[in-house]
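J.: The following block contains the structure, expressed as C-alpha cells.
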Amino acid sequence: METFRQDVQRVRMMVAIRPSRSALYFIDVRAKVPFRFGKETLERVMCARVMFEVEEVSRGPFQGWGESPLSAQWAWPSDVPLSERETALRQFCCEVLDAWSAYDTSGHPLTLGHAFLRDTLPELLGSFNARRSAENRLPYLAALMCCAPFDIALHDAYGHAAGRSIYDCYSPRDMPDDLTAYIDNGDADFRGLYPSDFFSYGTNRIPAWHAVGGIDALSEGARASEEPGSGFPATLEEWIRKDRLSRLKIKLSGTDFEWDYERVMNVADVSMPRGVTMLGVDFNGMVTDPTYVEHLFERICRDRPEVLDTLCYIEEPFTPELLDRGTDVSAVAKWAPCVLDESAHDWRVLGKARELGYSGVVLKTCKTQTEALLTMNWAKRYGMEVLTQDLTNPMLAQIAHVQLGAHASPDMGIETNSMQFYPDASADEAKVHPGLYQRVGGFIDLRTISGPGFGYRIEEIDRQLPQPAKTFNVH
C-alpha cells in the first residue's frame, strides 16, 4: 500500500507544459574595460532575453525567463566583421523563436529541450546556412548559444508551473523517464538515474574565479593609459585586494610561447604573495600542437615548481581539429586536468575526449540548460572533472549561471566576471540580489535566490526592457 501511495504521489507531481506565447528581446551592453581572449577583444555584447509563457493541461499561463549573452567573439571567432556576425545571431534567434512557435507538444523541459536540440536545431541551422556564403555560415556552437535563452526560459517556466525551484524538478517525481531516454550510450550506466542524482545541494556561498584577460594590467607599474573610472580597480593587484580573491583564470594566447610563459610568471608574482592559491589557464582553443603546452609546463616546472603546484586546470588548449583527428593529449593532462569548453558542445563529445586523455569538461548555461545538465551527468558518471565557467554573464544570465555552479561544482568554485568588465549592466538586478554581482571575501552569495524556477524574483526587478524584437502566440 505504501508503494502504491508513493507511485500516486509521483504521478501527481509530474507537470507537462506546452509553450503558448513568447517574446524575444535584445539588450546591448557596453564594457567598462575591454576583455581580451583568444584573438578577439570584447568591448560590448548583445544579450538575448526570452519570455516563455506555458500552459499545463487546464492550468496557467505560467511565465519563464531566460537570458544569455550572444558572444560572437567566443562562439564564432572569425575574421568576418563583428557587426555581421551579430546580425546573423539576431536573425538566427528569430528563426529559433519561429521554430518554437511550430513546436506542438508538451512535457518536461528536459524532454522538450532535448528533442529540440536533437531534431529541430540541426535542420534549422542547415537551412539557415544554406542561404549564406561559406565564410558567413553560423557554427553549431553559435546556434546552440542562440537556443540557450529559449531553453533556459522553458526550464524556468516549468519551475513556476510546478511551484518549486527548477533544481527540485529533475528527479523521478517530475520526470517520466530516467537518463537513458536522453543519454543513449547503448548500455545501462544511466538506468534508474536522474539529473538530481548528480547534484550538490545546500550551497549559499561559492568561491569566485576571477578572469585575467589578455590585456589586463597586473600591477601599479603597468596601469592602462585609460583608467576605467574612480573607485574601479584598474589592475589585478587591486582586484585581489578589493575582493580578496584566491582563484584566478589566466587567458593565454596559445600562439606566442614567450608571452604565455611570461604572463603566467607575472600573474603568479602579483597574485601568490597576496593569497591566491589556485590558478587555471585558458587557451581558448588556439594551440595547434600539444608539444606547445607540454613545453610550457615543463619550463614552468623547471623554473618555478611552486607555480605549477597551484595549477588546477588547463582549459580548451587545442584547436578543434586536434580532437577531430584523434590527437592524444595525455602528456598535457599529466600536468593538470585538461578540460574541454568550446569543443564540448554536447555530452557525445566526451566519450572520445576521455579516450584521448582529456580529464573534464566546462559547463556553461550558454550551451543551454538542457545540454549543461546532460553533459554534467555524463561527466560525473564517468569520473571526469566538472567546472562551471562564465560567458561574462550579466543581469538574469548570472542567476541561472550561479545556480548551475551551485549544483554542479560548488567546491571548485565558479568563474564570474561580469563585475570586472560591465559592472553597471546589472544595476537593476543587483538591487534584489546584491551578492550575485559582487565578490566579497572571494565568494559570491546566493542567499537572495528564492522562489520557483531559477529564483530570479523577477517581479521585484525594475528593469525597463526594449520593445521585443519578435513575439509569437502558439494557440
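The values are calculated or read from the model by the stated rules, or taken from the named source; none is laboratory data. These numbers come from a predicted model, not from an experiment. Here Cβ is always computed from backbone atoms with ideal geometry, including for glycine, and neighbour counts include all displayed protein chains.
J.: Quick one: which helices (runs of 4 or more DSSP H) lie wholly within segment 299-368 and hold at least 2 residues that are closer than 21 Å to LEU141 by Cα?
T.: Details: elements: 305-308, 320-325, 330-333, 348-355.
Those helices (runs of 4 or more DSSP H) span 320-325, 348-355.
J.: Here is a check on your reading of the model: is THR41 hydroxyl-bearing (Ser, Thr, Tyr) and either under 25 Å from ASN377 (Cβ atoms) or in the same structural domain as LYS367 (by TED's automatic domain parsing) (or both)? Walk me through how you get there before you give the answer.
T.: Values: hydroxyl-bearing (Ser, Thr, Tyr): yes; either under 25 Å from ASN377 (Cβ atoms) or in the same structural domain as LYS367 (by TED's automatic domain parsing) (or both): no.
Considered against the rule, which asks whether it is hydroxyl-bearing (Ser, Thr, Tyr) and either under 25 Å from ASN377 (Cβ atoms) or in the same structural domain as LYS367 (by TED's automatic domain parsing) (or both), THR41 comes out as no.
J.: Can I ask one more? So for segment 412-421 (the condition being at positive phi and crowded, with 21+ Cβ neighbours inside 10 Å), does at least one residue qualify? Before you say what the answer is, go through the steps one by one.
T.: Taking segment 412-421 and keeping what is at positive phi, we get 413.
Add one more test, that the residue is crowded, with 21+ Cβ neighbours inside 10 Å, and what stays is 413.
Looking through segment 412-421, at least one residue is at positive phi and crowded, with 21+ Cβ neighbours inside 10 Å.
J.: Evaluate segment 114-132: report whether one residue or more is in a helix (DSSP H, G or I), touching a residue at least 24 places away in the same chain (Cβ under 8 Å), polar (S, T, N, Q) and within 26 Å of GLN63 (Cβ to Cβ).
T.: no
J.: Out of the residues in segment 144-184 that are surrounded by fewer than 16 Cβ atoms within 10 Å (Cβ to Cβ) and outside any helix (DSSP H, G or I), which is modelled with the lowest pLDDT?
T.: Among those residues, the one meeting the criterion is ASP184.
J.: Helices (runs of 4 or more DSSP H) wholly in segment 391-453 with at least 3 residues that are touching a Gly at 6+ places or on another chain (Cβ under 9 Å) - which ones? Full working, then the answer.
T.: Working: elements: 395-408, 418-421, 427-432.
Here the list reads 395-408.
J.: Taking only pairs six or more apart or across chains, which ones have beta-carbon atoms under 8 Å, a first residue in segment 402-415 that is over 15 Å from GLN369 (Cβ atoms), and a second residue that is assigned to a helix (DSSP H, G or I)?
T.: As it stands, the answer is GLY413/GLY405; ILE414/HIS401; ILE414/VAL402; ILE414/GLY405; ILE414/ALA406, since those pairs meet every condition given.
J.: Tell me, yes or no, whether segment 278-295 has at least one residue that is surrounded by fewer than 16 Cβ atoms within 10 Å (Cβ to Cβ), modelled with pLDDT of 95 or more, farther than 24 Å from ASP341 by Cβ and not hydrophobic (A, V, I, L, M, F, W, C).
T.: no
J.: Tell me, which residue of segment 256-277 that is aliphatic (A, V, I, L, M), in contact with a strand residue (DSSP E or B) (Cβ under 9 Å, 6 or more places away or on another chain) and assigned to a helix (DSSP H, G or I) is surrounded by the most Cβ atoms within 10 Å (Cβ to Cβ)? Let's see the steps before the verdict.
T.: Taking segment 256-277 as the starting set, the residues that turn out to be aliphatic (A, V, I, L, M) are 264-265, 267-268, 270, 272, 276.
Now drop any that are not in contact with a strand residue (DSSP E or B) (Cβ under 9 Å, 6 or more places away or on another chain), which leaves 264, 267-268, 272, 276.
Then keep just the ones that are assigned to a helix (DSSP H, G or I); that gives 264, 267-268, 272.
On the way: VAL264: 23, VAL267: 21, ALA268: 21, MET272: 17.
Step by step, filter segment 256-277, then rank; the result is VAL264.
J.: Can you tell me which residues in segment 32-88 are more than 25 Å from ILE250 (Cβ to Cβ), in contact with a Ser or Thr (Cβ under 9 Å, 6 or more places away or on another chain) and not charged (D, E, K, R)?
T.: MET46, CYS47, ALA48, VAL50, MET51, PHE52, VAL54, VAL57, GLY60, PRO61, GLY66 - these are the residues of segment 32-88 that are more than 25 Å from ILE250 (Cβ to Cβ), in contact with a Ser or Thr (Cβ under 9 Å, 6 or more places away or on another chain) and not charged (D, E, K, R).
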